[in-house]
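The values are calculated or read from the model by the stated rules, or taken from the named source; none is laboratory data. This is a predicted model, so every value here is computed, not measured. Please note: Cβ atoms are built from the backbone with ideal geometry, for glycine as well, and neighbour counts cover all protein chains shown.
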């Protein structure tokens, strides 16, 4: 992932200051994550998890990018979202097509049922516009998946 100067400076804050910064500026604040990093949805989710002190080193943060984050997130080993309960704020959320179990998008939970993401269409096209998943994923299937964009998807909460 490519960090901007601002992203590098923030990433080098103390562990406790990173959490406060993430909460006040990115999850509940006015900042756009693209001012901190350049990349895709997986990079944005990884950067946020780093700020929240997930088990990601600075070297790892800056050497992995894009879909190469999927083995780190291990979404399929996490909890499947039920469409009702709150998503734990700051956690990485993975979206997976039922057919082929292919992950196609990642986001970060704001709390409640809202997420922030980039490059994800209705699942978060821009960081500055949180998305309420209950308004986007309105049709739940008996297997726990949701109808979305002409297909069925699962929503996972990463343990990372």
Query raised in the report: If only one of 31, 43 is buried (at least 16 other Cβ atoms within 10 Å of the Cβ), part of a loop (DSSP other than H, G, I, E, B) and modelled with pLDDT of 95 or more, which one is it?
Result: 31
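With the requirement that a residue be in contact (Cβ under 8 Å) with a residue 40 or more places away in the chain, within 30 Å of residue 52 (Cβ to Cβ) and surrounded by fewer than 20 Cβ atoms within 10 Å (Cβ to Cβ), what does segment 137-147 give you?
To start, the set of residues in segment 137-147 that are in contact (Cβ under 8 Å) with a residue 40 or more places away in the chain comprises 137, 140, 143-146.
Of the ones still in play, those that are also within 30 Å of residue 52 (Cβ to Cβ) are 137, 140, 144-146.
The answer is 140, 144.
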Query raised in the report: Is it true that some residue in segment 3-17 is surrounded by 15 or more Cβ atoms within 10 Å (Cβ to Cβ) and within 21 Å of residue 122 (Cβ to Cβ)?
Result: no
Query raised in the report: Within segment 51-69, is even one residue modelled with pLDDT of 95 or more, outside any helix (DSSP H, G or I), at negative phi and assigned by TED's automatic domain parsing to the domain that holds residue 106?
Result: no
Query - Matching residues in segment 67-83 - criterion: being loosely packed, with under 13 Cβ neighbours inside 10 Å and in contact (Cβ under 8 Å) with a residue 40 or more places away in the chain - result: 77, 82
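Collect the residues in segment 46-56 that are without any contact (Cβ under 8 Å) to a residue 40 or more places away in the chain and surrounded by fewer than 19 Cβ atoms within 10 Å (Cβ to Cβ), keeping them in residue-number order.
Going residue by residue through segment 46-56, those that are without any contact (Cβ under 8 Å) to a residue 40 or more places away in the chain are 50, 52-53.
Of everything in segment 46-56, just one residue is without any contact (Cβ under 8 Å) to a residue 40 or more places away in the chain and surrounded by fewer than 19 Cβ atoms within 10 Å (Cβ to Cβ), namely 53.
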Requested in this report: Please enumerate the residues belonging to segment 19-28 that are assigned to a helix (DSSP H, G or I) and either in contact (Cβ under 8 Å) with a residue 12 or more places away in the chain or under 13 Å from residue 116 (Cβ atoms) (or both).
Outcome: 19, 21, 22, 23, 25, 26, 27
Requested in this report: Within segment 86-93, identify whether any single residue is within 17 Å of residue 10 (Cβ to Cβ) and outside any loop (DSSP other than H, G, I, E, B), and answer yes or no.
Outcome: no
